[in-house]
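The values are calculated or read from the model by the stated rules, or taken from the named source; none is laboratory data. Computed from a prediction, not measured in an experiment: that's the story for all the values here. FYI the Cβ positions are ideal-geometry reconstructions off the backbone, even for glycines, and counts take in every protein chain you see.
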Amino acid sequence: MASEGAAATALQVLRALETGPRGLTEAEAAARLAGTGENVPPAPHTASWPLRCARALRDPFTAVLLTLGLVSALVASWGTAVVILALVAVSCGLRAAGEHRADRSLAALRELVAGTATVLRRAGADAAPRAREIPVADLVPGDVVRLGPGDLVPADVRLLRARGLTVHQAVLTGESAPVAKAAVETPGADAPPGADPFEEPHLCFQGSGVATGSATAVVVATGERTRFAAAQHTADGRREASAFDRSVHGISWVLIRFMLLTPPLVLMANAALRGRGLETLPFAVAVAVGLTPEMLPVIVTTCLARAAALLARAHRVVVRRLPALHDLGAVDVLCLDKTGTLTQDRPVVDSALGRDGHADPDVLRWAAVGAWWTLQLAELPAPDALDEALLAAAGAVGEEYDGVGAVPFDPGRRTATAVVAGGLGSHVLVTKGAAEDVLARCDLDPAARERLLALAAREAGAGLRVLAVATAERPARTRPYTAADERGLVFRGLVTFRDALAPGAAEALRGLAGLGIGVRVLTGDHPATAARACRDLGLDAVRVAVAGDPADLTADVVARCTPKDKARIVSALRAAGHTVGFLGDGVNDVPALRAADVGIAPRTAVDLARETADVVLAEKDLGAIGHAVTAGRHSSANIASYLRVTLSSNLGNVIAMLLAGLLLPFLPMLPVQVLAQNLCFDAAQLAFAHDRPGPAALRRPTVLRPRAFLRFITGFGVLNAVADLATFGVLAIALRGPDALDDRAVFHSAWFTENLLTQALVMYLLRGGSRPGPIGWAAAALAAVGLLLPASPLGAVLGMTGLPPACPLLLAAVLALYAPALRAVRARHDRRLP
Ligand SMILES: Nc1ncnc2c1ncn2[C@@H]1O[C@H](COP(=O)(O)OP(=O)(O)OP(=O)(O)O)[C@@H](O)[C@H]1O
Ligand SMILES: [Mg+2]
């Protein structure tokens with residue numbers, strides 16, 4: 001359909017779709033809906049179970065595990081292979097279950113923030129068309145829709161009329177700047193055949209959103225048949241991973257290299273020093289598996305899913321991209337827009353002032369005439385908040401003129417113009433907008449301009465929003481009006497608006513400061529209005545700059561930001577090493593929402609902003625941000641402590657086992673015992689997903705520095721290896737003589753018990769929280785298994801045996817020395833942290 005439409009005129013397209021510019025009748029639309037099905041793209045979120053499991057297999061650790069399993073199978077070490085495969089299956093299953101759970105708890109809230117479309121429909125064949133809002137899912141081909149700033153294009157459409165229309169197509173093309181679209185009559189005339197459809201000016205596609213202007217368009221494709229749906233199957237995650245995930249990834253790769261190196265090294269060392277051959281391969285493979293934090297993907301998914309589910313349930317926060325939670329936990333600078341975020345964006349006209357600063361109702365009347373005709377001629381689905389306030393305050397105006405043209409508002413230009421017919425073959429331009437921008441387009445001497453700017457600044461300083469109004473009389477013409485006609489204007493006066501502060505904003509800002517997050521306000525509004533709002537919200541001593549000042553990267557409030565300025569400042573802050581969040585609700589915030597590490601939108605935001613954001617606050621209360629940040633830090637802290645504990649103890653075990661293997665006439669543990677021990681560790685460590693980190697971890701933005709991290713695990717790994725080898729020494733002396741040491745089953749069992757006990761100790765002591773909670777229980781269970789398993793029937797199957805009574809006492813002695821050493825090193829490590 002879309003390809004046919006590409007080269008057809010608007011009339012041909014309407015005819016092919018058996019519709020007209022007045023839209024479909026309700027009955028016809030209902031009949032078509034039954035035929036075409038709902039206009040919903042195939043949802044990427046409700047992945048099937050097999051798909052989820054397949055995705056889990058793509059994880060590097062899982063891949064390495066599978067490889068090791070395959071190697072074991074190749075040398076017919078079936079036990080090892082089966083245990084490894086079981087590990088992979090359990091890990092994939094747990095992970096898929098976690099994802100499923102997160103999806104389910106978010107689905108209901110997603111509905112809540114779903115968008116609507118403005119459609120022209122008729123009650124019957126003879127009835128007049130009426131514009132009404134319907135769920136996007138109910139659109140059918142042939143429907144005529146209206147688009148305004150901030151709207152999502154609800155299906156693939158062909159433009160019938162458009163004014164000043166620019167759309168964001170980044171989701172489809174990756175191009176970040178909005179592109180201009182127009183309802184050209186003879187498309188394809190200047191484009192080569194087979195040209196990129198996204199470049200066609202008269203076609204707009206589902207998945208894009210309106211940046212400026214307005215349009216009326218006919219739907220040509222819905223649901224599965226849209227370009228967006230077609231692209232979804234190939235498109236991958238639209239954003240790079242979070243900084244935290246990148247750190248985890250970096251650490252993972254260091255480990256994977258180690259894992260892949262381990263088996264050959266073990267083989268070579270054993271061959272060189274002990275003359276052992278390929279029979280050590282299963283042991284080598286088991287040791288490599290022992291090094292892996294194979295539960296990492298499970299812990300990450302479970303932590304994120306739990307955090308997202310909790311946020312959805314308790315604080316009505318929708319996390320649209322799960323890894324964004326980790327970015328949120330790391331955010332140290334949060335940029336916000338003012339209007340609609342810190343204020344309610346329900347402006348009410350306060351006064352209308354003439355050139356001399358005295359009340360002048362004529363100024364309000366001109367402003368309202370401009371608003372009325374912009375609304376009519378641009379066919380906007382809804383007026384913006386300021387225009388709505390003007391119309392409400394001025395009553396019925398505008399109808400006394402004939403409208404000629406409109407150049408709708410653009411936040412880059414900060415003005416809007418309507419043109420009406422004046423007397424005797426003349427046109428009157430009515431321009432309103434930001435005071436500086438309107439005054440720059442007026443014929444004024446510098447002194448008068450200064451005086452008027454000061455007047456505007458005085459009003460803004462009282463916390464009011466200010467619009468300047470100007471007019472110009474021109475000879476009538478047929479050529480359409482553009483932004484270039486906004487010059488040589490006659491200044492009329494100012495209209496001021498009150499806009500109440502958002503409830504809870506002051507408290508939310510205090511909460512953010514308490515979380516160690518710096519707040520910057522990036523607004524399109526007047527510097528004085530913004531400064532006053534910030535002061536009223538309790539932000540003291542704010543430094544205010546205007547976008548473009550050299551100081552705009554360091555100021556607390558940057559006023560007169562265009563959408564580009566907002567994105568530029570966010571990118572600059574990121575480049576300076578900050579993790580930046582952006583909270584905004586308007587179409588002028590979209591580029592910044594995309595540029596930030598994590599984009600956040602309130603539920604009341606325009607559809608496009610909500611669709612661009614990673615996190616949506618479904619409740620009015622801004623305080624939910626603090627909860628979301630804490631949830632992100634909570635999740636990151638749990639993952640970091642899992643990695644710390646697991647890796648230090650795994651590394652210690654591996655070093656000790658390798659050295660012991662070279663010193664002893666036999667292997668210190670059987671491969672199957674190494675794997676069994678590993679399974680016990682994994683089960684216990686799942687508790688990390690349910691842990692409550694200490695308050696210290698939640699007070700600051702989370703950072704995970706791979707170098708410091710790897711230093712930590714090598715330090716504690718070596719300490720752990722020393723403890724293991726000490727046990728080995730103690731056992732050798734205590735069991736006295738080579739005879740006793742030759743009792744391999746006893747030795748293996750003692751080593752197994754010691755490993756589980758030290759692991760339990762490390763879990764308990766290295767975690768860093770205050771109350772032990774689930775970790776304490778898991779550690780206790782692990783220790784119990786370590787003490788009881790060797791003597792049990794299962795222990796016998798694994799080649800172990802009950803320990804002589806002296807053994808537990810000796811182990812207790814080693815642990816009694818190890819615990820204070822661990823505590824001391826941990827304390828020293830903590831002191832060195834900032
Ligand atoms: N409908 C309109 N007609 C004319 N001028 C407008 C209109 N809406 C806004 N303006 C002017 O353009 C300026 C910039 O608007 P923009 O939407 O970029 O930001 P904002 O709403 O003021 O603030 P924020 O960025 O905090 O949401 C406004 O401060 C106002 O002076
Ligand atoms: Mg806004």
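Quick grid of which residues meet (1) within 33 Å of the chain's Cα centre (by Cα); (2) of a type in the set (D, E, K, R); (3) crowded, with 18+ Cβ neighbours inside 10 Å:
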{"residue": "ASP743", "(1), (2), (3)": "no, yes, no"}
{"residue": "ALA750", "(1), (2), (3)": "no, no, yes"}
{"residue": "GLU754", "(1), (2), (3)": "no, yes, yes"}
{"residue": "GLY773", "(1), (2), (3)": "yes, no, no"}
{"residue": "ALA778", "(1), (2), (3)": "yes, no, yes"}
{"residue": "ALA781", "(1), (2), (3)": "no, no, no"}
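So, in the range 56-81, of the ones that are of a type in the set (Gly, Ala, Ser) and in a helix (DSSP H, G or I), which residue ends up nearest to ALA284 (Cα to Cα)? Step through it out loud before you land on a result.
Quick first cut of the range 56-81, residues of a type in the set (Gly, Ala, Ser) only: 56, 63, 69, 72-73, 76-77, 79, 81.
Those still in the list that are in a helix (DSSP H, G or I) too: 56, 63, 69, 72-73, 79, 81.
Working: ALA56: 26, ALA63: 18, GLY69: 12, SER72: 10, ALA73: 14, GLY79: 14, ALA81: 13 Å.
Ranking the qualifying residues of the range 56-81, first place goes to SER72.
Return the residue satisfying two criteria in turn: it lies in the range 307-325 and is under 30 Å from ARG568 (Cβ atoms) and part of a helix (DSSP H, G or I), and of such residues it is farthest from ligand 2 (Cβ to nearest atom).
Our first condition is that a residue be under 30 Å from ARG568 (Cβ atoms); within the range 307-325, this holds for 317-325.
Now restrict to residues that are part of a helix (DSSP H, G or I): 324-325.
Details: ALA324: 21, LEU325: 24 Å.
Step by step, filter the range 307-325, then rank; the result is LEU325.
Are any of the residues in the range 400-413 under 34 Å from the mean Cα position of the chain (by Cα), farther than 30 Å from ILE625 by Cα and of a type in the set (Lys, Arg)?
Restricting attention to the range 400-413, the residues satisfying the condition of being under 34 Å from the mean Cα position of the chain (by Cα) are 408-413.
With farther than 30 Å from ILE625 by Cα added as a condition, the list becomes 408-409, 413.
Narrowing further to those that are of a type in the set (Lys, Arg): 413.
Looking for residues that are under 34 Å from the mean Cα position of the chain (by Cα), farther than 30 Å from ILE625 by Cα and of a type in the set (Lys, Arg), one finds at least one in the range 400-413, hence yes.
Starting from the range 483-494, take each residue that is farther than 26 Å from HIS358 by Cα and list its partners that are not charged (D, E, K, R), counting only C-beta distances under 7 angstrom and pairs at least six apart or across chains.
What qualifies is ALA483/VAL407; ASP485/LEU429.
Which ones in the range 532-545 are away from ligand 2 (no atom under 16 Å from the Cβ), in contact with a strand residue (DSSP E or B) (Cβ under 8 Å, 6 or more places away or on another chain) and over 15 Å from CYS335 (Cα atoms)?
Within the range 532-545, ASP536 is the sole residue that qualifies.
Please tell me if ASP549 is more than 23 Å from ALA502 (Cα to Cα) and within 11 Å of ligand 1 (Cβ to nearest atom). Full working, then the answer.
On the way: more than 23 Å from ALA502 (Cα to Cα): yes; within 11 Å of ligand 1 (Cβ to nearest atom): no.
For ASP549, the condition - more than 23 Å from ALA502 (Cα to Cα) and within 11 Å of ligand 1 (Cβ to nearest atom) - is not met.
Specify which of the listed residues (VAL542, VAL558) is in a strand (DSSP E or B) and either closer than 29 Å to ARG413 by Cα or not small (Gly, Ala, Ser) (or both).
VAL558
Condition check: within 14 Å of ligand 1 (Cβ to nearest atom) and either under 30 Å from LEU328 (Cα atoms) or touching a strand residue (DSSP E or B) at 6+ places or on another chain (Cβ under 9 Å) (or both). Does PRO527 satisfy that?
Values: within 14 Å of ligand 1 (Cβ to nearest atom): yes; either under 30 Å from LEU328 (Cα atoms) or touching a strand residue (DSSP E or B) at 6+ places or on another chain (Cβ under 9 Å) (or both): yes.
Yes: the conditions hold for PRO527.
Specify which of the listed residues (ALA813, ALA819) is surrounded by 12 or more Cβ atoms within 10 Å (Cβ to Cβ), in the same structural domain as LEU675 (by TED's automatic domain parsing) and over 48 Å from the mean Cα position of the chain (by Cα). Break it down stepwise before answering.
Details: ALA819 fails: over 48 Å from the mean Cα position of the chain (by Cα).
Going through ALA813, ALA819 in turn, just one is surrounded by 12 or more Cβ atoms within 10 Å (Cβ to Cβ), in the same structural domain as LEU675 (by TED's automatic domain parsing) and over 48 Å from the mean Cα position of the chain (by Cα): ALA813.
Only residues that are part of a helix (DSSP H, G or I), of a type outside the set (A, V, I, L, M, F, W, C) and surrounded by fewer than 23 Cβ atoms within 10 Å (Cβ to Cβ): list them for the range 679-699, please.
Matches in the range 679-699: ASP682, HIS690, PRO695, ARG699.
What's the total number of residues in the range 81-106 that are crowded, with 19+ Cβ neighbours inside 10 Å and either touching a Phe, Trp or Tyr at 6+ places or on another chain (Cβ under 9 Å) or among the basic types (Lys, Arg) (or both)?
Here the count works out to 3.
For the range 325-359, which positions are within 16 Å of ligand 1 (Cβ to nearest atom) and among the acidic types (Asp, Glu)?
Correct list: ASP337, ASP345, ASP350.
May I ask you to verify whether LEU539 is more than 16 Å from ligand 1 (Cβ to nearest atom) and either surrounded by 17 or more Cβ atoms within 10 Å (Cβ to Cβ) or within 30 Å of LEU704 (Cα to Cα) (or both)? If you could, list the steps in order and put the result at the bottom.
On the way: more than 16 Å from ligand 1 (Cβ to nearest atom): no; either surrounded by 17 or more Cβ atoms within 10 Å (Cβ to Cβ) or within 30 Å of LEU704 (Cα to Cα) (or both): yes.
Criteria not met by LEU539.
Let me confirm something: among LEU273, LEU310, LEU278, which residue is modelled with pLDDT under 85, surrounded by fewer than 21 Cβ atoms within 10 Å (Cβ to Cβ) and more than 23 Å from GLY69 (Cα to Cα)?
On the way: LEU310 fails: modelled with pLDDT under 85; LEU278 fails: more than 23 Å from GLY69 (Cα to Cα).
Only one candidate qualifies: LEU273.
Among the residues of the range 479-497, count how many are assigned to a loop (DSSP other than H, G, I, E, B) and among the aliphatic types (A, V, I, L, M).
Our first condition is that a residue be assigned to a loop (DSSP other than H, G, I, E, B); within the range 479-497, this holds for 479-482, 486-488.
Subset that is among the aliphatic types (A, V, I, L, M): none.
So the answer is 0.
With LEU70, LEU57, LEU65 as the choices, which residue is at pLDDT 85 or above, out of contact with any Gly (no Cβ under 9 Å at 6 or more places or on another chain) and within 30 Å of ARG257 (Cα to Cα)?
On the way: LEU57 fails: at pLDDT 85 or above; LEU65 fails: at pLDDT 85 or above.
Testing whether each residue is at pLDDT 85 or above, out of contact with any Gly (no Cβ under 9 Å at 6 or more places or on another chain) and within 30 Å of ARG257 (Cα to Cα) leaves just LEU70.
Determine which member of the set LEU328, LEU304, LEU390, LEU364 is of a type in the set (A, V, I, L, M), away from ligand 2 (no atom under 16 Å from the Cβ) and at pLDDT below 90.
Values: LEU328 fails: at pLDDT below 90; LEU390 fails: at pLDDT below 90; LEU364 fails: at pLDDT below 90.
Just a single option satisfies the conditions, and that option is LEU304.
What tally of residues in the range 561-607 results from selecting those that are more than 10 Å from ligand 2 (Cβ to nearest atom), assigned to a helix (DSSP H, G or I) and of a type in the set (Asp, Glu)?
Count: 2.
So THR25 fits all but one of (1) crowded, with 18+ Cβ neighbours inside 10 Å; (2) of a type outside the set (A, V, I, L, M); (3) at pLDDT below 85; what number is the exception?
Evaluating THR25 over (1) crowded, with 18+ Cβ neighbours inside 10 Å; (2) of a type outside the set (A, V, I, L, M); (3) at pLDDT below 85 leaves (3) as the failure.
Exactly one of these conditions fails for ALA567: (1) at pLDDT 90 or above; (2) over 27 Å from THR212 (Cα atoms); (3) among the small types (Gly, Ala, Ser). Give me its number.
Tallying (1) at pLDDT 90 or above; (2) over 27 Å from THR212 (Cα atoms); (3) among the small types (Gly, Ala, Ser), ALA567 fails exactly one: (2).
Identify all residues within the range 542-561 that are touching a helix residue (DSSP H, G or I) at 6+ places or on another chain (Cβ under 6 Å) and either surrounded by fewer than 21 Cβ atoms within 10 Å (Cβ to Cβ) or of a type outside the set (A, V, I, L, M) (or both); write none if there are none.
The initial filter retains those residues of the range 542-561 that are touching a helix residue (DSSP H, G or I) at 6+ places or on another chain (Cβ under 6 Å), namely 542, 544-547, 553, 557-559.
VAL542, VAL544, ALA545, VAL546, ALA547, LEU553 - these are the residues of the range 542-561 that are touching a helix residue (DSSP H, G or I) at 6+ places or on another chain (Cβ under 6 Å) and either surrounded by fewer than 21 Cβ atoms within 10 Å (Cβ to Cβ) or of a type outside the set (A, V, I, L, M) (or both).
Only residues that are small (Gly, Ala, Ser), within 16 Å of ligand 2 (Cβ to nearest atom) and under 19 Å from ALA435 (Cβ atoms): list them for the range 331-361, please.
Going residue by residue through the range 331-361, those that are small (Gly, Ala, Ser) are 340, 351-352, 354, 357, 359.
Still in the running and within 16 Å of ligand 2 (Cβ to nearest atom): 340.
None; the set is empty.
Output the number of the condition that MET800 fails; it satisfies all remaining conditions of (1) outside any helix (DSSP H, G or I); (2) modelled with pLDDT of 85 or more; (3) more than 22 Å from LEU670 (Cα to Cα).
With respect to (1) outside any helix (DSSP H, G or I); (2) modelled with pLDDT of 85 or more; (3) more than 22 Å from LEU670 (Cα to Cα), MET800 is out only on (3).
Consider only pairs whose beta carbons are under 6 Å apart and that are at least six residues apart or on different chains; among these, list those whose first residue lies in the range 517-531 and is closer than 30 Å to VAL703 by Cβ and assigned by TED's automatic domain parsing to the domain that holds LEU573 and whose second residue is in a strand (DSSP E or B) and more than 16 Å from ligand 2 (Cβ to nearest atom).
GLY518/VAL333
When the residues of the range 498-518 are filtered to those that are assigned to a helix (DSSP H, G or I) and in contact with a strand residue (DSSP E or B) (Cβ under 9 Å, 6 or more places away or on another chain), which remaining residue is surrounded by the most Cβ atoms within 10 Å (Cβ to Cβ)? Give the derivation first.
Step one: filter the range 498-518 for residues assigned to a helix (DSSP H, G or I), giving 505-514.
Cutting the leftovers down to in contact with a strand residue (DSSP E or B) (Cβ under 9 Å, 6 or more places away or on another chain) gives us 505, 509, 512-513.
Values: ALA505: 22, LEU509: 24, LEU512: 22, ALA513: 13.
Checking each candidate, the answer is LEU509.
Only one of (1) β-branched (Val, Ile, Thr); (2) away from ligand 1 (no atom under 14 Å from the Cβ); (3) in contact with a Cys (Cβ under 8 Å, 6 or more places away or on another chain) fails for ILE569. Which number is that?
(2)
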